[in-house]
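Colleague: Right, I'll just put the structure down here and ask away after.
The values are calculated or read from the model by the stated rules, or taken from the named source; none is laboratory data. Note that the structure is a prediction, hence the values are computed from the model and not measured. Here the Cβ positions follow ideal geometry from the backbone for every residue, glycine too, while neighbour counts run over all protein chains shown.
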Amino acid sequence: MKTTYNSRKYVVITIFLVVGFIFIARLFFLQIIDNSYVLSANKNALRFVTNYPARGLIYDRNNKLLVYNEAVYDLMVVPRQVKTFDTTELCNLVGITKEDLIFKLQKAREYSPYAASIFEKQISKENYGYLQEKLYKYNGFYVQSRTLRKYPLSIAGHALGYIGEVGNEVTDSYYKPGDYIGMSGLEKYYEPILRGKKGSKILMVDVFNREKGSFHNGIYDTVAIAGEALHSTLDADIQAYGELLMKNKIGSIVAIEPSSGEILSMVSSPTYDPNLLVGRVRGVNYNLLLKDPSKPLFDRALMAVYPPGSIFKIIQSLIALEEGVITERSAFPCDKSLLGCHNHPNATDLKSAIKMSCNPYFYQVFRRVIQHGLANDRFQDSELGLNLWNDKALSFGLGQRLNVDIPNLKKGRIPDALYYDKIYGHRGWAFSTIYSLSIGQGEMGIIPLQMANIAAIFANRGYYYTPHFVKSIGNNKTINPEFLKKNLTKVSDKYFQVVADAMYEVVNEPGGTASQARIDSIIVCGKTGTAQNPHGEDHSIFIAFAPRVNPKIAIAVYIENAGFGGVWAAPIASLIIEKYLTKRIKRKDLEERMLNAKLSSKH
């Protein structure tokens with residue numbers, strides 16, 4: 001019995017010793033090693049300041065500055081430290097009402113009585129000077145610097161994007177209320193690179209709220225690391241010229257360098273000055289732009305899904321050649337009982353059909369692809385033929401979301417058999433149901449960026465590089481390896497030359513539909529389109545590449561409700577080509593006519 005008692009005694013003593021050791025170790029850690037409680041106790045005499053990094057700059061392909069930073073100041077408040085002050089004077093200094101002041105203080109208290117939060121954001125450097133002189137009177141208030149974006153050329157708003165205050169949907173622990181984040185365009189896609197890394201510092205302040213130096217000589221401070229610069233693929237001159245040409249028009253322009261996939265220009269019209277979405281007026285301006293019936297915030301180049309119209313005939317030609325259902329010498333009469341068409345001679349071969357854009361010709365071409373004789377049953381034959389057609393069309397980067405370095409890109413639509421089964425039921429459709437696809441109409445939808453990429457594929461005679469907006473990142477000039485990879489189509493490259501020659505004739509031979517795109521000093525190859533619009537006048541479309549040999553630019557122009565592609569889209573594309581390749585415009589009369597055209601009134 002005594003032995004049992006002794007054993008228990010030693011167990012109890014051991015427990016007390018262990019617990020005592022834990023308490024001693026914890027006290028040693030808190031008092032000697034960890035200073036966090038010291039910092040907390042001294043918080044009424046210390047100021048914890050976030051050092052916001054300079055956001056990365058954005059340049060065009062020729063090192064012209066597109067986006068830079070300008071200093072602004074946030075007025076911060078620690079509610080617990082606030083004492084009685086002259087509310088009228090502070091309201092005048094900051095430019096708010098007394099009701100606003102009361103509301104902002106209450107909001108800050110609800111956030112935390114002890115932690116600093118933003119009282120008034122984005123005070124200009126001019127107003128900051130007046131405020132700083134008086135700030136010693138206002139205990140609990142101090143100023144924290146940060147930067148806002150500025151756009152010196154006021155162009156490329158959709159491509160560059162804008163930044164805004166983080167919302168509840170942002171779960172990244174890097175951000176806290178009052179921080180800013182990329183909301184659209186390159187600012188959003190490259191946010192982790194552009195934002196840099198925040199730093200912090202602890203300052204000592206006196207009873208008059210004046211800074212008295214760093215706490216413990218700054219040993220707890222961390223340095224902010226600036227964001228890396230983006231060297232974009234955009235050409236600022238071409239971008240500005242494209243936006244000028246598209247004034248008073250609704251639509252888009254996309255231009256690509258075929259040999260690299262670099263996007264030279266992306267215009268969505270109507271557009272907006274990106275400086276409108278900066279600073280304290282951003283909220284007001286955003287709501288005005290959002291309510292504008294012309295939808296200037298809607299990026300038509302990336303998000304508008306249109307019927308491609310007759311520009312799709314060049315892809316129909318390639319698929320038919322690859323499948324062996326036609327040759328370049330195939331001839332079909334212009335039978336308007338099959339499909340409506342403009343007046344022109346019968347097409348004696350494929351090139352003349354493309355040059356004159358004959359609708360009945362491509363009705364026959366598409367019928368041969370779909371009714372391929374792969375099955376005796378016409379419904380099954382149409383299903384097999386359409387899926388074969390769909391597979392090859394997708395290889396042109398259509399019906400899918402291209403891996404472009406920008407958010408909110410639509411994928412368009414290239415229908416397959418399953419798509420029509422859902423609409424009409426299995427065996428409820430055949431070629432006679434879907435023949436409008438033959439001329440790029442019906443259920444087909446393509447975004448303008450994909451149209452420009454089609455032009456790049458023909459410029460390269462069968463392949464493309466993924467379109468992208470950034471040439472390199474930071475001083476190391478890094479680039480996404482995805483953008484260096486060739487994407488091949490499922491059509492043999494031997495057929496591309498035939499169609500490229502036809503595109504030459506579209507612009508440069510008598511009877512071609514794009515004679516207004518002709519440039520004396522540059523050989524342009526292109527294809528017009530006039531997409532049917534059940535809600536108004538047809539859409540004007542043109543895609544092209546130039547020069548014919550060793551092309552430097554591929555382009556797509558889409559103008560809503562403007563009529564024939566050769567009348568408006570083709571001349572605008574040719575002016576962009578001329579400006580990019582020669583740096584000047586000789587055809588001043590054509591330029592003046594395009595600049596003065598007010599086609600948006602047709603919408």
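Colleague: Would you please name the residue that is surrounded by the fewest Cβ atoms within 10 Å (Cβ to Cβ), looking only at residues in segment 407-433 that are of a type in the set (A, V, I, L, M, F, W, C) and touching a Lys or Arg at 6+ places or on another chain (Cβ under 8 Å)?
Modeller: This residue is Leu409.
Colleague: Touching a residue at least 12 places away in the same chain (Cβ under 8 Å), crowded, with 19+ Cβ neighbours inside 10 Å and more than 22 Å from Glu191 (Cβ to Cβ), is that true of Leu93?
Modeller: Yes, satisfied.
Colleague: State all residues of segment 340-351 that are surrounded by 15 or more Cβ atoms within 10 Å (Cβ to Cβ) and more than 38 Å from the chain's Cα centre (by Cα); if no residue qualifies, say none.
Modeller: His344, Asn346, Ala347, Asp349
Colleague: Looking at segment 360-384, which of its residues are within 29 Å of His342 (Cβ to Cβ) and in a helix (DSSP H, G or I)?
Modeller: Pro360, Tyr361, Phe362, Tyr363, Gln364, Val365, Phe366, Arg367, Arg368, Val369, Ile370, Ser382
Colleague: Restricting the search to segment 563-592, which residues are part of a loop (DSSP other than H, G, I, E, B) and over 22 Å from Ala531 (Cα atoms)? Reasoning before the result, please.
Modeller: As a first pass, look at segment 563-592 and keep what is part of a loop (DSSP other than H, G, I, E, B): 563-568, 583-587.
If the condition is that a residue be part of a loop (DSSP other than H, G, I, E, B) and over 22 Å from Ala531 (Cα atoms), then Lys583, Arg584, Ile585, Lys586, Arg587 are the ones that fit.
Colleague: Give all pairs with beta carbons closer than 7 Å in which a residue from segment 267-278 that is in the same structural domain as Ile576 (by TED's automatic domain parsing) meets a residue that is among the basic types (Lys, Arg) and buried (at least 20 other Cβ atoms within 10 Å of the Cβ); count only pairs at least 6 apart in sequence or on separate chains.
Modeller: Listed pairs, sorted by first residue: Ser268/Arg300; Ser269/Lys249; Val278/Arg149.
Colleague: Right, next: Mind telling me which of the residues Ala573, Ala500 ends up being touching a Phe, Trp or Tyr at 6+ places or on another chain (Cβ under 6 Å), free of Cβ contacts under 8 Å to residues at least 60 places away in the same chain and not basic (Lys, Arg)?
Modeller: Unique residue meeting the criteria: Ala500.
Colleague: May I ask you to list the residues in segment 525-543 that are within 18 Å of Gly261 (Cα to Cα) and either in contact with a Cys (Cβ under 6 Å, 6 or more places away or on another chain) or among the charged types (D, E, K, R) (or both)?
Modeller: Hits for segment 525-543: nothing passes.
Colleague: Inside segment 541-567, can you point out the residues that are farther than 11 Å from Val524 by Cβ, surrounded by fewer than 24 Cβ atoms within 10 Å (Cβ to Cβ) and not charged (D, E, K, R)?
Modeller: Passing the criteria: Val549, Asn550, Asn561, Gly563, Phe564, Val567.
Okay, residues lined up against (1) in contact with a strand residue (DSSP E or B) (Cβ under 9 Å, 6 or more places away or on another chain); (2) free of Cβ contacts under 8 Å to residues at least 60 places away in the same chain; (3) surrounded by 12 or more Cβ atoms within 10 Å (Cβ to Cβ):
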{"position": "Leu65", "(1), (2), (3)": "yes, no, yes"}
{"position": "Pro79", "(1), (2), (3)": "yes, no, yes"}
{"position": "Phe103", "(1), (2), (3)": "no, yes, yes"}
{"position": "Gln106", "(1), (2), (3)": "no, yes, no"}
{"position": "Ala116", "(1), (2), (3)": "yes, no, yes"}
{"position": "Glu120", "(1), (2), (3)": "yes, yes, yes"}
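Colleague: Looking at segment 411-424, can you tell me whether even one residue there is in a helix (DSSP H, G or I), touching a strand residue (DSSP E or B) at 6+ places or on another chain (Cβ under 8 Å) and not hydroxyl-bearing (Ser, Thr, Tyr)?
Modeller: no
Colleague: What about Ser540, is it part of a helix (DSSP H, G or I) and among the polar types (S, T, N, Q)?
Modeller: Answer is no for this residue.
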